[in-house]
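Notes for the one structure printed next.
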Amino acid sequence: MNFQTLLNQAWQDHATQTNAVYENLKTSLQWLSSAEQIPQLAHLVLHVFGEHCGKWTEGIALLSSFRHSPHFHGESESAAAIKRSILTLEICAKSRTTVDDESISDQIRIWAVATSAVVAFDRLDEGEAFFLRSLALAESMNVHLNSQDPANRTLAVTGNNLAVTLEEKSSRTAQETELMLMAARTGRKYWEVVGTAGQVQSAEYRLAMSNLKAGRNQEALIHANLSVTIGLKNQSSSLDMFFSYEILTLAEKQNGNESGFKEALVLAKIEFTKLSQ
């Protein structure tokens with residue numbers, strides 16, 4: 001089985017078969033056949049060992065072993081990816097408290113990814129502090145991230161994922177609710193920079209859902225309508241439109257607009273029907 005097949009299978013299975021993927025990744029050094037594969041594998045290891053398993057030190061050891069691959073080159077993106085991933089796990093493991101010597105872009109990426117990892121293990125105060133640090137770096141008057149900087153995408157993904165994590169909690173503190181909304185707004189802001197129209201549409205969906213979970217029904221309705229508007233303007237897929245009409249249905253219902261609820265429900269059903277055609 002070649003590298004891409006192994007990688008794709010691991011990404012496909014990691015959420016539902018986490019332990020199996022975790023065990024397979026322990027021997028993933030042997031998957032590598034080129035330098036270009038190292039950043040891809042490092043990203044997967046960081047995600048699984050960090051955000052899903054909380055195996056900080058084990059992840060550091062595995063990532064360090066990639067430096068022994070014959071395909072590793074010291075002055076390359078593979079080296080940078082390994083270093084960035086190790087620093088992130090060291091932050092999570094509390095064996096490191098600063099990454100000030102790294103580039104601003106890398107600092108943003110490290111703190112943002114560490115946010116999702118520690119929040120997944122109920123370290124909310126730390127996660128919020130990490131997230132605020134990444135945002136402060138990105139929004140500093142002295143920092144000018146161009147649209148191609150990978151830190152933008154990291155902030156978009158982190159914002160989205162953090163919002164989802166907090167939305168799925170059965171109950172939230174006031175602190176968790178505010179962090180959820182900040183995360184959703186961050187996702188929306190940075191998908192505008194790096195995303196497709198579909199991703200911006202989904203970010204509006206996320207903002208609407210987070211606002212619904214926070215009991216901010218009027219704000220939820222605004223963002224649900226924006227999700228629909230963006231989708232219609234860009235002739236989005238039936239799947240994307242189904243989700244946009246779904247959140248609009250929920251928002252209209254929570255706002256007590258019976259006619260709006262019924263209209264959105266009909267449109268959601270139409271898009272759902274198209275999915276099987």
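Quick notes
- Taken over the stretch 78-123, the residue count meeting the criterion of being more than 25 Å from residue 163 (Cβ to Cβ), among the β-branched types (Val, Ile, Thr) and touching a residue at least 12 places away in the same chain (Cβ under 8 Å) is 2.
- Positions within the stretch 106-153 being closer than 18 Å to residue 175 by Cβ, touching a Ser or Thr at 6+ places or on another chain (Cβ under 7 Å) and among the acidic types (Asp, Glu), in sequence order: none
- Residues of the stretch 69-85 classified as surrounded by fewer than 23 Cβ atoms within 10 Å (Cβ to Cβ) and either touching a strand residue (DSSP E or B) at 6+ places or on another chain (Cβ under 9 Å) or within 25 Å of residue 20 (Cβ to Cβ) (or both), total: 2
- Scanning the stretch 86-105 for residues that are assigned to a helix (DSSP H, G or I), modelled with pLDDT of 95 or more and not polar (S, T, N, Q) yields 86, 87, 89, 90, 91, 92.
- The condition of being hydrophobic (A, V, I, L, M, F, W, C), touching a residue at least 12 places away in the same chain (Cβ under 8 Å) and closer than 20 Å to residue 261 by Cβ holds for only one of 183, 197, 203, 220, that being 220.
- Residue 126 vs. criteria free of Cβ contacts under 8 Å to residues at least 24 places away in the same chain, assigned to a helix (DSSP H, G or I) and in contact with a helix residue (DSSP H, G or I) (Cβ under 9 Å, 6 or more places away or on another chain): yes
- Against the list (1) under 30 Å from residue 132 (Cβ atoms); (2) buried (at least 20 other Cβ atoms within 10 Å of the Cβ), the condition residue 21 fails is (1).
- Matching residues in the stretch 137-176 - criterion: being of a type in the set (A, V, I, L, M, F, W, C), part of a helix (DSSP H, G or I) and within 24 Å of residue 81 (Cβ to Cβ): 137, 138, 151, 155, 156, 157, 162
- Tally, over the stretch 1-55, of residues that are without any contact (Cβ under 8 Å) to a residue 60 or more places away in the chain, part of a helix (DSSP H, G or I) and of a type outside the set (D, E, K, R): 33
- Any chance residue 264 is in a helix (DSSP H, G or I) and over 29 Å from residue 47 (Cβ atoms): yes
The values are calculated or read from the model by the stated rules, or taken from the named source; none is laboratory data. Being a predicted model, the structure only gives us computed values, none of them experimental. Virtual Cβ from ideal backbone geometry, glycine too; neighbours counted across all protein chains shown.
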